[in-house]
1. As I understand it, the dipole of the stretch 1-96 uses +1 on the Cβ of Lys and Arg and -1 on the Cβ of Asp and Glu, about the Cα centre. Which of Val12, Asn76, Ala96 lies farthest toward its positive end?
2. Would you calculate, for the chain, the mean residue ellipticity at 222 nm contributed by helices, counting each DSSP H stretch of 4 or more residues as -39,500 (n - 2.57) and dividing by all residues, to the nearest 500?
3. Considering only the other residues whose Cβ falls under 13 Å of the Cβ of Val63, what net charge follows from Lys and Arg at +1 and Asp and Glu at -1?
4. If we count every other residue with Cβ under 12 angstrom of Asn76's Cβ, Lys/Arg +1 and Asp/Glu -1, where does the sum land?
5. Quick check: with the 1.4 Å probe, what order do Ser120, Ser84 take by accessible area, largest first?
6. In what order, largest first, do Leu4, Leu47 sit by accessible area if the probe radius is 1.4 Å?
7. What accessible surface, in Å², does a 1.4 Å probe find on Thr118, ignoring ligands, DNA and RNA and rounding to the nearest 10?
8. Which residues does a label at Asp46 reach in the stretch 61-80, if reach means a backbone N under 20 Å from a point 7 Å past the Cα toward the Cβ?
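The values are calculated or read from the model by the stated rules, or taken from the named source; none is laboratory data. Only a predicted model underlies this, so the values are computations on that prediction, with no experimental measurement involved. Methodologically, a virtual Cβ is constructed for each residue, glycine included, from the backbone with ideal geometry; neighbour enumeration extends over all protein chains shown. Ligands, DNA and RNA are excluded from the accessible area calculation, which covers all protein heavy atoms including side chains. Shrake-Rupley method; radii C 1.70, N 1.55, O 1.52, S 1.80 Å.
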Amino acid sequence: QVQLVESGGGLVQAGGSLRLSCTASDRIFRLNAMGWYRQVPGNQRDLVAGIVSGGITKYAPAVEGRFTISRDGAKNTVYLQMNSLNPADTGVYFCAGWRPGRTWAWAADYWGQGTQVTVSS
């Protein structure tokens, strides 16, 4: 039962841009909050950005003003547009989803497989 499928990672130079996509099963996407986490080796996964079905968003301070999270209901897809990337943004990015009534204040209920983002200096 594949729930979340990510795409869009890769290698980019500092200052460049990438857009990550996460397509969710309809049951997950319509009612729930969605988000993106980043993980680097030896560390826990940290929230990068989140969005609820009503459009309210949350960003980690380090990405505020550079990253934009959005969702397309017709495609059951959430995006993370990443601009002005720097080496500190490097990591594996995981798409996350929550059951109804839950957001990033709780542990995620659903996870994608992760996509690598590498920013070279």
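1. Ranked along the dipole, the leading option is Asn76.
2. Details: 1 runs with 4 residues, N = 121.
It comes out at -500 deg cm²/dmol, rounded to the nearest 500.
3. Details: positive: Arg38, Lys58, Arg66; negative: Asp46, Glu64, Asp89.
Neighbour charge sum, excluding Val63 itself: 0.
4. On the way: positive: Arg27, Arg30, Arg71, Lys75; negative: Asp26, Asp72.
Here the count lands on +2.
5. Numbers: Ser120 40, Ser84 70 Å².
Greatest to least solvent exposure: Ser84, Ser120.
6. Working: Leu4 10, Leu47 40 Å².
Largest to smallest exposure gives the sequence Leu47, Leu4.
7. We get 50 Å² for Thr118.
8. 61-69, 80
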